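Participant: Please find one structure pasted underneath; my questions will follow.
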Number of protein chains: 2
Amino acid sequence: MTTSTLFIAVDWGTSHLRAYLCKVGEGSELTLIDQCDGPGVVKVNQHFQQTLIHAITPWTAQYGVLPIYIAGQITSTIGWHETPYLECPINPEGLLDAAVSFECEGHTINALPGTKCTLQNTLIDVMRGEELQILGFLKQNEQYQTGKILLCLPGTHTKWVLINNGKIICFKTAMTGELYDLLCHQSVLIPDDCAEGEFDWQAFEQGCDLTLGSDSGNLAHGIFSVRTRQLSKELTPVQAKAYLSGVLIGSDVRAARYASEWQLLSNTQVVVIGTKQLNTCFTKALTKIGVQCSEFDIKSATLSGFNYLYQSA
Amino acid sequence: MTTSTLFIAVDWGTSHLRAYLCKVGEGSELTLIDQCDGPGVVKVNQHFQQTLIHAITPWTAQYGVLPIYIAGQITSTIGWHETPYLECPINPEGLLDAAVSFECEGHTINALPGTKCTLQNTLIDVMRGEELQILGFLKQNEQYQTGKILLCLPGTHTKWVLINNGKIICFKTAMTGELYDLLCHQSVLIPDDCAEGEFDWQAFEQGCDLTLGSDSGNLAHGIFSVRTRQLSKELTPVQAKAYLSGVLIGSDVRAARYASEWQLLSNTQVVVIGTKQLNTCFTKALTKIGVQCSEFDIKSATLSGFNYLYQSA
C-alpha cells in the first residue's frame, strides 16, 4: 500500500491532455483537487516532457514530488515512452503489472500498457487508455463483474468492447470522431464560415436514420447528402453539422450491430461511457435499433481507474 | 454552326482547373493544341476571374478573343457564376440550352449547367461536369446510345451513373477521393513523414477484400486497420496508403453493388471513366465481385463533350 495520499493522473490521448491532481481519503475514496487540460499527442511536436511539466508545475510547486500515472496514446508508437500491448482476454485489474516506469525531473512516471485483440477476420485491434476507463467503470459498477456486457466508449475513436465476467474479451474501433472533425473542418460539406449554433437534435436523428436504415451501410454515399440537403435548403450549415454527426454515429452503431464478435440484440446490455453530449448521441442511435442502454460519465471512469491502480501499487 | 475553329474548354473542379486550347478540323475532329493546369475552385479564394485569365493569357495573346466553355464546380454555389441544375432524366446533348453566358475581359464564357436527380430514399444528388464527360463518352461510343449501362466516374467524388438509351436516368455520389486525401494527409493513419513510393497493388487488393467482403459494410471500423496493420508490421507506411485506397474503393464499389437504383449483376455493363490509375483501381475492385467492365479515358471524354457542344452552338 502506498503512503502518499496525493498523486497525479494523466489521460493523454491523440487530441487532448487531461491532468488531474487527486487525493485519496481514508476510506479509499478519491477527491479531485484540481485539473488542467493541454494539447493532445499529435499536437505537441514531440515536446512531451515540456508539455507535461508545464501542466503539473502549479501542483508540484505546492506539493513537491508526486507519483504520476499516464495512460492513452502517449504510451504508443506516436507518443513518449512506448509500453506493450496486453493480449485479450485480460483482467484490467492487472494493468499495473505491465506498466513501464521512468524518471522525469525527479518524478516517477508510471506509463500504463495498451490492449490488443485479434478479431474474427484475423485483423488485430488496439486501444490505449480505454482499458483504464473500463477498469474504473467496473469498479464503480460491481454488478457487471459477472455476465456479459457490451461497452461503447465514444470519442476521437469509438471503442466497442465486449466484457465477460469482468474481463475484456475483444473490441472494435471506429474512427467516427476523427472522421467528423476532418469532414466538418476540411471538406466541402460544411462552409468555412459556418456559425456556431445549438446542436439540432432533429437533424442529428435524420442523419442516424439514413445510415441505420441503409441496406448497404453506404457511409461514403450517405455523407454526400450533408451537402445536397444544404443545396436544397433542407438544412442550414449549423443543422448540417448535427446531421453529419448523425450520419457517422448511425453508421458506427450499424456496424456494431452487425459485428460478428457479439450479438447486439434488443436484450443486450449496452453501457455508453463518454461525455454527456456523446452519451446522448449514441444512446439515441442505439435506442432507434431497439437496444436498451445506460450511460456513464467518462471522467468518473477515468478517475476511478487511476484510483484503483494507485491504491493497488 | 460556329465559324471560328479555335475554342477554349475549361474543366474546373473542386481540386483542379484544367484548361484546353482546342482546334476543330474540317471533319469535326478535335485537335488539342495546348493545355494547362491550375488550382481548383476551393483553392483560389474567390479569385476566379484572375485565375482563369492567368491560365489562358498565353493563348489569347496569340489568337485573340476566343469562345470559352466552362464546366464543373466552378458553376456551383461555391464557384463563380451559378448555373441551374437540370433534373434527370436528361439527354446530355441538350446541356448548352441551359448554359449561362457572361462576358469576361472581352471573351464570352459559356457556363454549363449541372445535373440533379432524386434517389429512391427521396434524397437528391447533384453533379457538375460529369454530365459533359458522359456526353463525350457517349459520342465516342455510339453503341451505348441504346440500352442500359452503368458508368463509374472516379475522382474527388465518385459518380455512379445509370444510362438508358443515351439518357442520364439517375446517379449516386461517393466522397471516396476526398476521404482518401483527408485520411492520407490529416489523420493518424499515415505518418506525416511517409515517403512517396510505388503503388502496392497487393496491399490495395487486401484493402478491397476487407470492405467488399464485409457483412456490415463497416467502413468506419475497417479504416482503423490501416493503422493496426502498420503497428503489427504487416504494412509499411507506403503500403498502408495503397491499402487505405483499397479499403475506400472497396466500400464505394460495395455500396454501388447494393444500390437500390440499379442492379449490379455479373452481366451488367460497367464502364469506368477516369485517369489510368483510378480506372485500374476500380476495375480491379469491380472484377472481384464478378462484374465485367471496360475503361475509358476521362480526358478524352471531357474533350469529346466540349467538342460536341462547341459544334452544336
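Laboratory data are not the source of any read-out in this text; all were calculated from the coordinates shown. Note that the structure is predicted; figures quoted are calculated from it, not measured. Glycine also receives a Cβ, built like all others from the backbone with ideal geometry; neighbour counts cover every protein chain displayed.
Participant: Along Cα-to-Cβ, 7 Å out, sits the label point; list in nm, shortest first, how far the one on B:Pro191 is from those in the other copies.
Facilitator: Sorted ascending, the copy-to-copy spacings read 4.2 nm.
Participant: Calculate the mean, over all residues of peptide B:228-236, of how many other protein chain Cβ atoms lie within 10 angstrom of the residue's Cβ.
Facilitator: 3
Participant: May I ask you to report, in nm to one decimal and beginning with the shortest, the distances from A:Asp297 to the same position in the other copies, taking label points 7 Å along Cα-to-Cβ?
Facilitator: When each copy's label point is compared with this one, the spacings are 6.5 nm.
Participant: While we're looking at this one, here's another question. Can you give me the relative contact order of region A:174-297 as a percent, contacts being Cα pairs under 8 Å and 6 or more apart?
Facilitator: Once divided by the residue count of region A:174-297, the mean separation gives 26 percent.
Participant: Can you check what the net charge comes to around B:Leu32, using other residues whose Cβ is under 15 Å from the Cβ of B:Leu32 (Lys, Arg +1; Asp, Glu -1)? Walk me through the numbers before you get to the answer.
Facilitator: Values: positive: B:Arg18, B:Lys23, B:Lys299; negative: B:Asp11, B:Glu29, B:Asp34, B:Asp37, B:Asp297.
Net charge in that neighbourhood comes out at -2.
Participant: What nm distance separates the two modelled labels at A:Ser232 and B:Gln277, each placed 7 Å from Cα along Cα→Cβ?
Facilitator: 3.5 nm
Participant: Enter the Cα centre distance for the pair region A:10-79 and region A:183-262, rounded to the nearest angstrom.
Facilitator: Answer, in whole Å: 34.
Participant: How far apart, in nm, are two points set 7 Å out from the Cα along the Cα-to-Cβ line at B:Asn267 and at A:Asn141?
Facilitator: 5.4 nm
Participant: Sticking with this one: As a footprinting exposure proxy, order A:Glu87, A:Glu295 by other Cβ within 10 Å, with the fewest listed first.
Facilitator: Working: A:Glu87 11, A:Glu295 17.
Placing the least packed residue first, the sequence is A:Glu87, A:Glu295.
Participant: Residue by residue, what Karplus-based ³J(HN,Hα) values in Hz, rounded to whole numbers, does region A:225-236 have, using 6.51, -1.76 and 1.60 with θ = phi - 60° and x for Gly and Pro?
Facilitator: 5, 4, 7, 5, 6, 7, 4, 8, 6, 7, 10, 7
Participant: Where both partners of a DSSP beta bridge lie in chain B, what percent of those bridges are antiparallel, to the nearest 5?
Facilitator: Of the beta bridges lying entirely in chain B, close to 70 percent run antiparallel.
Participant: A further question on this structure: Find every distance from the label point of A:Lys148 to the corresponding label point in the other copies (7 Å from Cα along Cα→Cβ) and write them in nm, one decimal, shortest first.
Facilitator: 4.1
Participant: Spit out the partnerless Cys residues in chain B, using Cβ distances under 4.7 Å as the pairing rule.
Facilitator: B:Cys22, B:Cys36, B:Cys104, B:Cys152, B:Cys184, B:Cys194, B:Cys208, B:Cys281, B:Cys293
Participant: Could you tell me the relative contact order of chain A? Use alpha-carbon pairs under 8 Å, at least six residues apart, and round to a whole percent.
Facilitator: Once divided by the residue count of chain A, the mean separation gives 16 percent.
Participant: Amide H of B:Lys148 versus every other amide H placed in the peptide plane: which residues, excluding those fewer than 5 positions away on the same chain, fall under 5 Å?
Facilitator: Amide H to amide H, under 5 Å and 5 or more residues apart or across chains, B:Lys148 pairs with B:Asn165.
Participant: Of all DSSP beta bridges in the protein assembly as shown, what percent run antiparallel (nearest 5)?
Facilitator: 70 percent
Participant: For peptide A:244-252, how many partner chain Cβ atoms fall within 10 Å of a residue's Cβ, on average?
Facilitator: Partner-chain Cβ atoms within 10 Å, mean over residues of A:244-252: 1.
Participant: List the relative contact order of region A:31-167 as a percent without decimals, with contacts defined as Cα pairs under 8 Å and 6+ residues apart.
Facilitator: 18 percent
Participant: Listing B:Tyr308, B:Tyr243, B:Tyr258 from the residue with the fewest other Cβ atoms within 10 Å to the one with the most, what is the order?
Facilitator: Neighbour counts put them in this order, fewest first: B:Tyr258, B:Tyr308, B:Tyr243.
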